[in-house]
Every structure is written in structure tokens, then in C-alpha cells.
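In what follows, a structure is listed as C-alpha cells, so that the remarks can point back to it.
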Amino acid sequence: MWLKDYKLVDEAKRLGYKVVSVEGLDSGEVSVDPNVFSKVVVVSDNIGNLKSALAGLKKPKTVVSVVPLNVEVARWVAHDRRVDSIIMTSRNQVVFDKKQASVMKYYNKPLEVPFTEIRGTNENNLAGFVKRLKLMISRKVPVIVSSGASDVLEYHHPLVVLSFIVKLLDVDYETAKAMLSTHPYKVLTRTAI
């Protein structure tokens, strides 16, 4: 679960989330709880700037995610080992096409979608999310549905998120469950070292 404020960790645990990643933590705060990871989100439309931004970010218990704003950055970031996931938002949906799915599958790079983006979008954007998520699932790209919550009102119980994803994407329960548990767990396991 991706949170944008450390103050939300207790609420996440109360709802049943076992492990969370929090944006903006320093290494001192990360050591407070073994189930809290730091998360760094880099938004970029330029490969040179992205390379500079990624320098020195990869540390134990730090999840590095990128929001690519154009196709060139999306293709490049799919093969960078420092990046743990690529985030799709309503702002960058168009970069997630068949070619991007192939590159992400080849490098086993997960696609991350914040639930706040899905729930808070208009009908046209929602249709775009559904189309692209179905494409990624059909191409066997690991999909992660994270929270993206910045306040307690944006929280949803894991079972609510599961039910929503099952109905929205017309996938089975196990496929939806992997988006909330198995796929994020694999990313966190790799970053714990």
C-alpha cells in the first residue's frame, strides 16, 4: 500500500494492510517499523533529468517508482533496475500501449496504479484505465493496485478494493488479489535487501 503521509500508517494497519510504503520518509523513520518502507516517486518527461533524479535513490527498504510522461521515458524506465514500478495515472495513460506492455513484460517491470486515481476519475479516464489494465493483464505484466492515499478519507478496506477491481476489470478474485498482495509483496521483498 502506497501512502503519501506517515501519519496514515496506523489507519492502514487498522484496515488490515500488513506492509506499507510511505512517500517522503527518511532512513531514520523507516527503521521505526519493519513493515514500513520508504517510497520515492519520480515524475519525468526527460531521460537525462530522470537519470539524475534516480542517482543514489536505490537503498534498502526504499521503493522507487516512476511516472513517465512520454513514450520515450516509459520505454527507457522499463529496463532500469533502480526502478521498482512504473506508475500509470490519468495524466500518462497513453504511454501504456502494446509495445510498452511487451517491454515491461520482458524486464518484469510491474505497472502500479493508485486506487485514488481510479476512484477519482471521470468516465472517459476510467475507460482508459480499464482498457490499458486489461491489456497489461493479458500480456502478463504484473499489475499493482496501490492506495495513493494522502488523507484518511481516501482509504479503502482491502476487500472493498478487491471487489471493485473484480467488477471493474471483469477478472477473477485471485487475479485481483495478486494485484493487492502477491505483486506488491514481490517488489517489497526485492527492496528489503
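Go through Pro110, Pro142 for me and flag whichever is under 28 Å from Asp5 (Cβ atoms), in contact (Cβ under 8 Å) with a residue 60 or more places away in the chain and surrounded by 16 or more Cβ atoms within 10 Å (Cβ to Cβ).
Exactly one of Pro110, Pro142 is under 28 Å from Asp5 (Cβ atoms), in contact (Cβ under 8 Å) with a residue 60 or more places away in the chain and surrounded by 16 or more Cβ atoms within 10 Å (Cβ to Cβ), namely Pro110.
From the list Leu180, Leu188, Leu162, exactly one residue is touching a Pro at 6+ places or on another chain (Cβ under 7 Å), under 18 Å from Val20 (Cβ atoms), surrounded by 14 or more Cβ atoms within 10 Å (Cβ to Cβ) and touching a residue at least 12 places away in the same chain (Cβ under 8 Å). Which is it?
Details: Leu188 fails: touching a Pro at 6+ places or on another chain (Cβ under 7 Å); Leu162 fails: touching a Pro at 6+ places or on another chain (Cβ under 7 Å).
Checking each option against the conditions leaves just Leu180.
Within the range 154-174, count every residue that is assigned to a helix (DSSP H, G or I), within 26 Å of Ser38 (Cα to Cα) and not aliphatic (A, V, I, L, M).
2
Given Gly16, Gly48, which one is farther than 25 Å from Asn108 by Cβ and at pLDDT 95 or above?
Gly48
So for the range 154-174 (the condition being on the phi > 0 side of the Ramachandran plot and over 16 Å from the mean Cα position of the chain (by Cα)), does at least one residue qualify? Step through it out loud before you land on a result.
Going through the range 154-174, the residues on the phi > 0 side of the Ramachandran plot turn out to be 170.
Remaining after also requiring over 16 Å from the mean Cα position of the chain (by Cα): 170.
Within the range 154-174 (the criterion being on the phi > 0 side of the Ramachandran plot and over 16 Å from the mean Cα position of the chain (by Cα)), the answer is yes, since at least one residue qualifies.
Take Tyr155 and decide whether it is touching a helix residue (DSSP H, G or I) at 6+ places or on another chain (Cβ under 8 Å) and open to solvent by less than 30 Å² (accessible area, probe 1.4 Å).
Spelling it out, Tyr155 is indeed touching a helix residue (DSSP H, G or I) at 6+ places or on another chain (Cβ under 8 Å) and open to solvent by less than 30 Å² (accessible area, probe 1.4 Å).
Hey, Ser31 hits all of (1) open to solvent by 50 Å² or more (accessible area, probe 1.4 Å); (2) among the polar types (S, T, N, Q); (3) modelled with pLDDT of 95 or more; (4) in contact with a Lys or Arg (Cβ under 9 Å, 6 or more places away or on another chain) but one; which does it fall short on?
Here Ser31 clears every test but (3).
Scanning the range 44-63 for residues that are touching a strand residue (DSSP E or B) at 6+ places or on another chain (Cβ under 6 Å) and in contact (Cβ under 8 Å) with a residue 40 or more places away in the chain, which turns out farthest from Phe96 (Cα to Cα)?
Among them, the one singled out is Lys61.
Of the conditions (1) modelled with pLDDT of 85 or more; (2) part of a helix (DSSP H, G or I); (3) open to solvent by 30 Å² or more (accessible area, probe 1.4 Å), Val41 satisfies every one except a single condition; which number is it?
Condition (2) is where Val41 drops out.
Determine whether the range 127-136 contains at least one residue that is in a loop (DSSP other than H, G, I, E, B) and either surrounded by 16 or more Cβ atoms within 10 Å (Cβ to Cβ) or in contact with a strand residue (DSSP E or B) (Cβ under 9 Å, 6 or more places away or on another chain) (or both).
No, there is no match, as no residue in the range 127-136 is in a loop (DSSP other than H, G, I, E, B) and either surrounded by 16 or more Cβ atoms within 10 Å (Cβ to Cβ) or in contact with a strand residue (DSSP E or B) (Cβ under 9 Å, 6 or more places away or on another chain) (or both).
Out of curiosity, is Gly48 part of a helix (DSSP H, G or I), of a type in the set (Gly, Ala, Ser) and exposed (fewer than 13 other Cβ atoms within 10 Å of the Cβ)?
For Gly48, the condition - part of a helix (DSSP H, G or I), of a type in the set (Gly, Ala, Ser) and exposed (fewer than 13 other Cβ atoms within 10 Å of the Cβ) - is met.
What helices (runs of 4 or more DSSP H), lying completely within the range 69-126, carry at least 2 residues that are at pLDDT 95 or above?
So the answer is 71-77, 98-106.
The values are calculated or read from the model by the stated rules, or taken from the named source; none is laboratory data. What you are looking at is a predicted structure, and each value in this text was computed from that prediction instead of being measured. FYI the Cβ positions are ideal-geometry reconstructions off the backbone, even for glycines, and counts take in every protein chain you see. Remember, those area values only see protein heavy atoms, side chains included, never the ligands or the DNA or RNA. Shrake-Rupley method; radii C 1.70, N 1.55, O 1.52, S 1.80 Å.
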